[in-house]
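To keep things clear, I will list the structure first and then write my remarks on it.
Computed from the coordinates by the stated procedures, all read-outs in this text should not be read as laboratory data. Since we're looking at a predicted model, the values are computed, not measured. As a convention, Cβ positions derive from the backbone with ideal geometry for all residues, glycine included, and neighbour counts pool all protein chains shown.
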Amino acid sequence: MRLPLLALLARGPAHGYELKQDLEQLLGAAYPQPNVGQIYVTLGRLEKTGLIEGEEVEQSSRPNKKIYHLTEAGREALRAWYEEAADEPRVRDEFFMKLALAPQTGLADQIALINKQRRQYLNTMRDLSKLAAAEDRDNRIAQLLIEGAMLHLQADLDWLERCQEELEELE
Amino acid sequence: MNDHPTPLLRAEGLVKTHHGEGAPAHAVRGVDLRVARGEFVAVTGPSGAGKSTLLHLLGGLQRPDDGSIWLDGDCTDSYTEARWAVERRKRIGIVFQFFNLVSNLSVADNVELPALLAGAPPKQARAAREELLAELGLAGKERSMPGELSGGEQQRVALARALVNHPPLLLADEPAGSLDSKGTREVMRLLSRFHQRGQTIVLVTHDARLASAADRVISFFDGRIADDAELDGASPRRSGISGVLELKD
């Protein structure tokens, strides 16, 4: 979340709650449980590392609020972020190691593991389909985020299918 | 017996082996299946797993080597080809991957033909066609020929044709198999909508996105049912959806 917050601040100074609203507007329902606490914590860390600076602003009837702006170091960090290609999405190594080691432990059947994992993915896929249907169709960014998640899950499901094909032959 | 109302579709011990050149292919190797009225069941699995053959057996497009199929409690063992053709007009609608529209008939005629063949008066066939085409966003395309439409539009015409006689059962064989991502989403949305109105659907697909529109997913491997799971949308670990969408620090 650090760099997306920096990116939001590149446009101009803002306080924590505004940043939360910006994220919500950008990602719509695709952004699960926007957590304002997490945003404040991250802003605190960014300030400590000198990437942003906060300024207390007095409010008449409410507690002070802190308006943050990007520092030159922050702008540099953001530039570096855009220079680099992002890492590949994770391979599901935890499930893979469970699967690979199952025969040795005698504690789980590989095909049963695959079936269980598939059910989980399919249920998540269903949740994502519902989310896509509920989300504003014109919010392209939100729709693309959901579609990306669905395509990744699709690939994971295809890969489970391959595991099942290969491992069933051995049985 | 009253605990289990008659399933709309039931199959017991279905077996089908294809004898072509080379070794015989065991496409379906002993399948039992029950589909209740109003259910939306997806059958997924790798290509060559036999899932399309299974669907063809359920629609009477191929006959099993062994086993039986019941439609709404009626055993189909003694059905002739002609009887199956009647069932496919009245009780079973089918959509295919490649639409299978009649290329030299207009969109309107493609949709009205099965209604007329089933004995509907022309006026009623036209009314049913108009309603369905409007519903499927195809109003204004009545006079088009199938070849003038996009793949997604052709599949919607095929869906209208399959549903024009209000069959209790809709079979769909890779309905998005030749469509792009947008067309796939469209088919998914329409199947969900008809299902919400009570349409019973059996869908064969290798596309998990499409399958996730169903409320039950059967995993088909090597001619057999490997898993049969109800999707309730509630992943055991609620991390599911946020886990795949969350922005990591």
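Ratio of alpha-carbon Rg to the 2.2 N^0.38 Å globular estimate for the protein assembly as shown, to two decimals, please.
Values: Rg = 26.5 Å, N = 420, 2.2 N^0.38 = 21.8 Å.
Normalised Rg, Cα atoms only: 1.21.
With a/c under 1.5 counting as rounded, go ahead and sort segment B:80-160 into rounded, prolate or oblate using the C-alpha gyration tensor (a ≥ b ≥ c being the square roots of the eigenvalues; past the cut-off, prolate if a/b is larger than b/c, else oblate).
oblate
If you keep only loop residues by DSSP, which trypsin sites (Lys or Arg not before Pro) in segment A:113-171 have at most 16 other Cβ atoms within 10 Å of their Cβ? Write out the running numbers ahead of the final one.
On the way: sites: A:LYS116, A:ARG118, A:ARG119, A:ARG126, A:LYS130, A:ARG137, A:ARG140, A:ARG162; in loops: A:ARG137.
Filter output for segment A:113-171: A:ARG137.
If you count, for every residue in B:222-229, the Cβ atoms of partner chains within 10 Å of its Cβ, what is the mean?
4
With a/c under 1.5 counting as rounded, go ahead and sort segment B:47-123 into rounded, prolate or oblate using the C-alpha gyration tensor (a ≥ b ≥ c being the square roots of the eigenvalues; past the cut-off, prolate if a/b is larger than b/c, else oblate).
In terms of gyration-tensor shape, oblate.
Quick one: which residues, 5+ away or cross-chain, put their amide H under 5 Å from the amide H of B:PHE40? H built at 1.01 Å from N.
B:ILE201, B:ASP215, B:ARG216
Tell me what chain B gives for mean residue ellipticity at 222 nm when only DSSP H runs of n ≥ 4 count, each as -39,500 (n - 2.57), the sum divided by the residue total, rounded to 500 deg cm²/dmol.
-10000 deg cm²/dmol
For chain A, what are the per-bin percents of Cα-Cα distances with bins 10 Å wide, up to the bin holding the maximum?
The percentages, shortest bin first, are 8, 26, 25, 21, 14, 5, 1, 0.
Report the FRET efficiency, 1/(1 + (r/R0)^6), for A:VAL57 and A:TRP81, where r is their Cβ-Cβ distance and R0 is 22 Å, rounded to 0.05. Before the final figure, lay out each step's value.
On the way: r = 28 Å, r/R0 = 1.27.
According to the calculation, E is roughly 0.20.
Based on the Cβ-Cβ distance from B:GLU135 to B:ASP72, what FRET efficiency comes out when R0 is 22 Å, to the nearest 0.05?
0.30
In nm, give the distance between the simple-model label positions of B:ARG143 and B:HIS4, each being 7 Å from the Cα along the Cα-to-Cβ direction.
5.5 nm
What nm distance separates the two modelled labels at A:PHE96 and B:SER178, each placed 7 Å from Cα along Cα→Cβ?
3.7 nm
Count the lysine pairs in segment A:1-148 whose Cα atoms lie under 23 Å apart, taking only pairs 8 or more positions apart in sequence or on different chains.
Values: A:LYS20/A:LYS48; A:LYS20/A:LYS65; A:LYS20/A:LYS66; A:LYS48/A:LYS65; A:LYS48/A:LYS66; A:LYS98/A:LYS116; A:LYS116/A:LYS130.
Count of close lysine pairs: 7.
Over chain B, calculate the relative contact order: mean separation of alpha carbon pairs under 8 Å at least 6 apart, over the residue count, as a percent.
27 percent
By how many nm would the segment from B:HIS166 to B:ALA23 grow when fully extended, if each residue of separation counts as 0.36 nm and the alpha-carbon distance is taken off?
Numbers: separation 143, 0.36 × 143 = 51.48 nm, distance 4.11 nm.
Length difference between fully extended and current span is 47.4 nm.
Given axes a ≥ b ≥ c from the Cα gyration tensor, I'd like to know whether segment B:120-176 is rounded (a/c under 1.5), prolate (a/b larger than b/c) or oblate.
On the way: a/c = 2.15, a/b = 1.10, b/c = 1.96.
Judged from the Cα gyration tensor, segment B:120-176 comes out oblate (a/c at least 1.5, b/c at or above a/b).
In nm, give the distance between the simple-model label positions of A:ALA134 and A:GLN38, each being 7 Å from the Cα along the Cα-to-Cβ direction.
1.7 nm
Compute the longest continuous run of chain B that contains no exposed trypsin sites (Lys or Arg not before Pro); treat a site as exposed when its DSSP state is not H, G, I, E or B and it has at most 11 other Cβ atoms within 10 Å.
B:1-142
Using only Cα positions of chain B, each an equal point scatterer, no hydration layer, compute I(q)/I(0) via Debye at q = 0.09, 0.13 Å⁻¹ and quote the log10 values to two decimals.
Calculated log10 I(q)/I(0) at the listed q: -0.42, -0.85.
In percent, how large is the relative contact order of segment B:36-110, given Cα pairs closer than 8 Å and 6 or more residues apart?
Answer for segment B:36-110 is 17 percent.
In a Gaussian network model over chain B where Cα atoms closer than 10 Å are linked, find which of B:ASP207, B:ASP222, B:ASP180 has the largest mean-square fluctuation.
B:ASP180
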